[in-house]
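Enquirer: Got a structure for you, written out below as structure tokens; questions coming shortly.
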Amino acid sequence: MTCNSPKSLAILAFNLKEEYCMASLARTIVPGTSSPRSGIVWSPPSSGFVKVNVDVAWSHIGRIVVSSCVARDDLGNVLCCASRKDNFADSVLHGELLALRFGCELVLFQNLQQVLLETDSLLAVTEVRKADKTLCQ
């Protein structure tokens, strides 16, 4: 998601934070229901797994990115959530990759096991897969 001004980035970041806080307070999201912000339907991971969803807001003015992530179990219970601001992201893709890294850091910090990491950025997934093939050869 791209924001055209620092103000719109701040508003979007606030809305993301509020959504994650509401999810945290509710502690459970019913699988198959949609997010109030996007209408996207959340689907649970397989039994015994944790799903970490990451998202990002990016402003080309100031190259600021706000990453958010939330970890839920297979019943939709929120295990943890976090957000942070990074400076100097050159593009939305750079921001999406920072969000994926942030999700991985949350997994390590919380010592989560059997994790699925999910993003809405096909381009970021494609780039990670390319890098993985390069590193494994």
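Enquirer: With a cap of 16 neighbouring Cβ atoms within 10 Å, and only residues DSSP puts in a loop, list the chymotrypsin sites (Phe, Trp or Tyr not before Pro) found in the stretch 53-115.
Expert: When the chymotrypsin sites (Phe, Trp or Tyr not before Pro) of the stretch 53-115 are filtered for loop state and at most 16 Cβ neighbours within 10 Å, 88 remain.
Enquirer: Here's another thing I want to ask about it. If you project the alpha carbons of the stretch 48-122 onto their three principal axes, what span does each projection cover, largest first, in Å?
Expert: Computed over the stretch 48-122, the largest-to-smallest principal extents equal 41, 23, 16 Å.
Enquirer: Suppose the chain between residue 109 and residue 90 were pulled fully straight at 0.36 nm per residue; how much longer would it get relative to their current alpha carbon spacing? Present the calculation step by step, with values, prior to reporting the outcome.
Expert: Values: separation 19, 0.36 × 19 = 6.84 nm, distance 2.66 nm.
Here the segment from residue 109 to residue 90 would lengthen by 4.2 nm.
Enquirer: Additional query: Residue 41 versus residue 126, label points 7 Å from Cα toward the beta carbon: distance in nm?
Expert: Here the modelled spin labels are 2.6 nm apart.
Enquirer: OK, next. Contact order normalised by length for the stretch 64-137, with contacts defined as Cα pairs under 8 Å and 6 or more residues apart; what percent is it?
Expert: Relative contact order, the stretch 64-137: 25 percent.
Every read-out reported here was derived from the displayed coordinates using simple, explicitly stated rules and does not represent laboratory data. Predicted model only: the values in this text are computed from it and were never measured. Heads up, the Cβs are rebuilt from the backbone with ideal geometry, glycines too, and the neighbour counts pull from every protein chain shown.
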